[in-house]
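Reviewing the structure listed below.
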Amino acid sequence: MSASINNIAREELIDMVPYQSARRLQKADGDASGQSAFNDKIWLNANEASGQGEYNLSADCINRYPDFQPDNLLSAYSEYTGLPTEQLLATRGADEGIELIIRTFCKAYRDSILICPPTYGMYAISAENHGAGIVKVPLINNTLDVDGIVSELDQVNVVFLCSPGNPTGNLLPKAQIKAVLDAAQDKAVVVVDEAYIEFSPQDSVQSWLGDYPNLVVLRTLSKAFALAGLRCGFTLASSEIITLLSKVIAPYPISAPVAEIASQALTGDNLNIMKARVKETNALRAQFIDWLNEQDWVEDVYATDANFVLFRTTLKNEIFDGLKQQGILIRDQSKQLQLNNCLRVSIGNQSEMETLKTSITGLVTTLRSGNTNNTVVGEAN
Ligand SMILES: Cc1ncc(COP(=O)(O)O)c(C=O)c1O
């Protein structure tokens, strides 16, 4: 194992043996599992029920515990990414990946993570839950303050970079990510959260994994794959890091039906369906951005490489509340650092986007017609 990763990880994990579930032991013995194996043997080693009895369920073999990392799922994601399965960990969404990284590399009430606000909220929430400190180095013009990050690297164990960023939307410049990785070697693990990378796949930093043993890439099936309800994400890293994370994760994180559905989504024509969805979303996003740019109540439209658009408007409250009353939900991001008066809209289907634009136009027209002295509503504040 790379000495530097060992130095960053919680020391008690280095020699820790993870919980030896019946399924894990059997796998270590070289014994295959999965449906065919379930029919081949008499299974009396895991205190499971021997069958599903008279239940009329659509899933097979769920009387059995699933594999700790189901083969069908890991093989499908390995094929999708071109990475060996030893460099992958399937998790309950990318959110579980975030939590595992913090629990693996930060000792509670001693170690800290670094985040670059405005950014995805779960880095801070997971750190707080674990008792890890949070060092903040804000973005500058939606890009990294590399010098600021580098100056804090001795104080932190994990750096979270979000590219494309949520809620800002844009990719981080690759040269900046590389500069942070170079400076962080032997000091901190650098996580690049690529939850939205399918919307600009050519910009992934996955190919750098071989060069940087301290790089971790987070992915999810919740966005471009349209499977948020499934709860399935992946952590991509060196096999050393994956081994450490595997000691911290629950013994059966991925249920058998989740593994089955996710592996189907990752193979064959379903990948083309995902790519077509991305293309359509990107086209609708471009149309929505054009429309926003034509509106005089919009002050700023953020550049985006993801399936959402962030914009600043003088009518933030009126639009947010008015849409809500009409049953249209968007996200108010104005409480985030640097994002006063900002709203974030996820790109829906064509009809949803048309309804949204019509509703906003109606709201703005009503507001302005009710304004007797002819000033533009919202401009005063
Ligand atoms: C940047 C980012 N990372 C991670 C996640 C979590 O994704 P998952 O649904 O896979 O837990 C989200 C969800 O919105 C996100 O925006």
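Only the coordinates and a few stated rules stand behind these numbers; no lab work does. Being a predicted model, the structure only gives us computed values, none of them experimental. Note that we place each Cβ from the backbone using ideal geometry, even for glycine, and neighbour counts take in every protein chain shown.
Summary of computed values
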read-out: Per-selection Kirkwood Rh - the stretch 132-208 (Cα, Å, 1 d.p.); value: 12.8
read-out: Cα radius of gyration and Dmax for the chain (Å); value: 23.4, 83
read-out: Packing-based exposure ordering (other Cβ within 10 Å, fewest first) of Thr81, Thr267; value: Thr267, Thr81
read-out: DSSP H segments from the chain that extend 30 Å or more along their own axis, Cα-based, with Kyte-Doolittle mean of -1.0 or above; value: 269-294
read-out: Exposed trypsin sites (Lys or Arg not before Pro) absent - longest run of the chain, DSSP non-H/G/I/E/B, at most 14 other C-beta within 10 Å; value: 111-334
read-out: Positive-end residue of Thr314, Asn141, Pro84, charge dipole of the chain with Cβ unit charges; value: Thr314
read-out: Gln52-Asn270 pseudo-label distance in nm [points 7 Å out on the Cα-to-Cβ vector]; value: 1.8
read-out: Relative contact order of the stretch 89-181, pairs being alpha-carbon contacts under 8 Å that are 6 or more residues apart, as %; value: 29
read-out: Directionally averaged shadow of the stretch 271-369, computed from the convex hull of its alpha-carbon atoms, nm²; value: 6.6
read-out: Cross-link pairs Lys178/Lys275; Lys41/Lys275; Lys279/Lys357; Lys174/Lys324 - those with Cα-Cα distance over 31 Å; value: Lys41/Lys275; Lys174/Lys324
read-out: Dipole magnitude of the chain about its Cα centre (Cβ charges: Lys, Arg +1; Asp, Glu -1), debye to nearest 20; value: 480
read-out: Fewest-first ranking of Tyr109, Tyr19, using other Cβ atoms within 10 Å as the exposure measure; value: Tyr109, Tyr19
read-out: Likely footprinting exposure, Glu79, Glu194, Glu96, fewest C-beta neighbours within 10 Å first; value: Glu79, Glu96, Glu194
read-out: Theoretical ellipticity at 222 nm over the chain - DSSP helices of four or more residues, -39500 (n - 2.57) apiece, nearest 500; value: -12000 deg cm²/dmol
read-out: Sites Asp321 and Asn293, calculated FRET efficiency, Cβ-Cβ separation with R0 22 Å, nearest 0.05; value: 0.40
